[in-house]
Amino acid sequence: MPAAYAAALALGVIAALANIFGGLVLTGRSWERRYLRYFVAVGAGFMLGASLLEMLPESWKLAPASTPFLLLLGFLLVHFVEHTVTSHFHFGEETHATEYVGGHLPVAVMTGLGIHTFFDGVAIGSGFLVSAWLGWIIFLAVFMHKIPEGFTMASVMLAAGKGNRAAVLAAAAIGGASVAGVAVMLMYPVSLPQALPFAAGVTLYVAATDLLPEVNREPGIRMALGVFLGVVILAGLQLAFRGR
Ligand SMILES: [Zn+2]
Ligand SMILES: [Zn+2]
């Protein structure tokens, strides 16, 4: 078991570094941003598959009676913190600077996104408590949206008039929340039957309502096809590696 704990923590840190990298993509302006869009599309498909085909069936085995309710609760929690407590939030570059003038909105976005990223970490920790296979699949699902997530956080800070340093620090802070999520999960493994379906609901929400709308805004079918590619990649990994 200690090996699984070490793997979960290490991958949590890598996920957090991807948040920081996403922030640097925005502030550095050196990387090709159009690649980010494909991460969003492929990540959306992969996350949908991971939540519905992997996290949900495993949750069902652990706690059949409470799993549907906890899935819905996880889904609604992110809706609450990202779009109810936070009055303006969406994935992708923040271009609505007028929303941000003189308000507390960047703090609200960082808090809402930080709660979501905390459960990204809980998801990775939960996965490794079930099996190395599930842990790695959830890590990949998280990793694929971490760079756009960090990019989004940094762009909110810039729209609010903060500097590049604050933007990258904010991306690092939400990454830190993911590492905390992994650590909390490993410290309280007894919560696994509740944490896994809840995290599946969070993953489903991020894929379906944070990422897919960004895919659908793009003209043409390339981004839309990227979603299917994400599902195909998951299915390929299942065929190649799932030992059942
Ligand atoms: Zn906006
Ligand atoms: Zn996330």
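Quick grid of which residues meet (1) over 16 Å from residue 126 (Cβ atoms); (2) buried (at least 24 other Cβ atoms within 10 Å of the Cβ); (3) modelled with pLDDT under 95:
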{"residue": "12", "(1), (2), (3)": "no, yes, no"}
{"residue": "24", "(1), (2), (3)": "yes, no, yes"}
{"residue": "29", "(1), (2), (3)": "yes, no, yes"}
{"residue": "36", "(1), (2), (3)": "yes, no, yes"}
{"residue": "39", "(1), (2), (3)": "yes, no, yes"}
{"residue": "42", "(1), (2), (3)": "yes, yes, no"}
{"residue": "48", "(1), (2), (3)": "yes, no, no"}
{"residue": "51", "(1), (2), (3)": "no, yes, no"}
{"residue": "59", "(1), (2), (3)": "no, yes, no"}
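Please verify whether residue 151 is farther than 22 Å from residue 74 by Cβ, in contact with a Gly (Cβ under 9 Å, 6 or more places away or on another chain) and in contact (Cβ under 8 Å) with a residue 24 or more places away in the chain, treating the condition exactly as stated. Yes; evaluated as a whole, the condition is true for this residue. Just one of the listed residues (78, 40) is part of a helix (DSSP H, G or I), touching a residue at least 24 places away in the same chain (Cβ under 8 Å) and over 30 Å from residue 187 (Cα atoms), and it is 40.
Taking region 140-158 on its own, how many of its residues are of a type in the set (A, V, I, L, M), surrounded by 24 or more Cβ atoms within 10 Å (Cβ to Cβ) and within 25 Å of residue 238 (Cβ to Cβ)? Summing the residues that are of a type in the set (A, V, I, L, M), surrounded by 24 or more Cβ atoms within 10 Å (Cβ to Cβ) and within 25 Å of residue 238 (Cβ to Cβ) in region 140-158 gives 4. Apart from one condition, residue 104 fits all of (1) buried (at least 20 other Cβ atoms within 10 Å of the Cβ); (2) more than 16 Å from ligand 2 (Cβ to nearest atom); (3) over 15 Å from residue 155 (Cβ atoms); the exception is (1). Taken over region 88-103, the criterion of being within 12 Å of ligand 1 (Cβ to nearest atom) and more than 20 Å from the chain's Cα centre (by Cα) is satisfied by 95, 96, 97, 98, 99, 100. Selection within region 159-182: residues that are surrounded by fewer than 22 Cβ atoms within 10 Å (Cβ to Cβ) and of a type outside the set (A, V, I, L, M). The member of this set that is nearest to residue 115 (Cα to Cα) is 176. Consider region 81-101 and keep the residues that are part of a loop (DSSP other than H, G, I, E, B) and within 13 Å of ligand 2 (Cβ to nearest atom). The one that is surrounded by the fewest Cβ atoms within 10 Å (Cβ to Cβ) is 89. Of 122, 156, 109, 142, all but one fail to be β-branched (Val, Ile, Thr), more than 16 Å from ligand 1 (Cβ to nearest atom), under 19 Å from residue 40 (Cβ atoms) and assigned to a helix (DSSP H, G or I); the exception is 142. Among residues of region 203-226 that are aliphatic (A, V, I, L, M), those with a beta-carbon under 7 Å from a residue that is outside any helix (DSSP H, G or I) and surrounded by 14 or more Cβ atoms within 10 Å (Cβ to Cβ) at least six positions away or on a different chain give the pairs 211/91.
For residue 151, are the conditions met, namely being away from ligand 1 (no atom under 16 Å from the Cβ) and either assigned to a helix (DSSP H, G or I) or closer than 14 Å to residue 16 by Cα (or both)? Spelling it out, it is not the case that residue 151 is away from ligand 1 (no atom under 16 Å from the Cβ) and either assigned to a helix (DSSP H, G or I) or closer than 14 Å to residue 16 by Cα (or both).
Scanning region 61-80 for residues that are closer than 14 Å to residue 201 by Cβ, away from ligand 2 (no atom under 16 Å from the Cβ) and surrounded by fewer than 19 Cβ atoms within 10 Å (Cβ to Cβ) yields 63, 66, 68, 69, 72, 73, 76. Considering every residue within region 175-192, establish whether at least one is among the polar types (S, T, N, Q) and under 21 Å from residue 41 (Cβ atoms). No, every residue in region 175-192 fails to be among the polar types (S, T, N, Q) and under 21 Å from residue 41 (Cβ atoms).
The values are calculated or read from the model by the stated rules, or taken from the named source; none is laboratory data. Treat the numbers as computed from the prediction; the structure is a model and nothing was measured. Don't worry about glycine lacking a Cβ; one is built from the backbone with ideal geometry, like all the others, and counts go over all protein chains shown.
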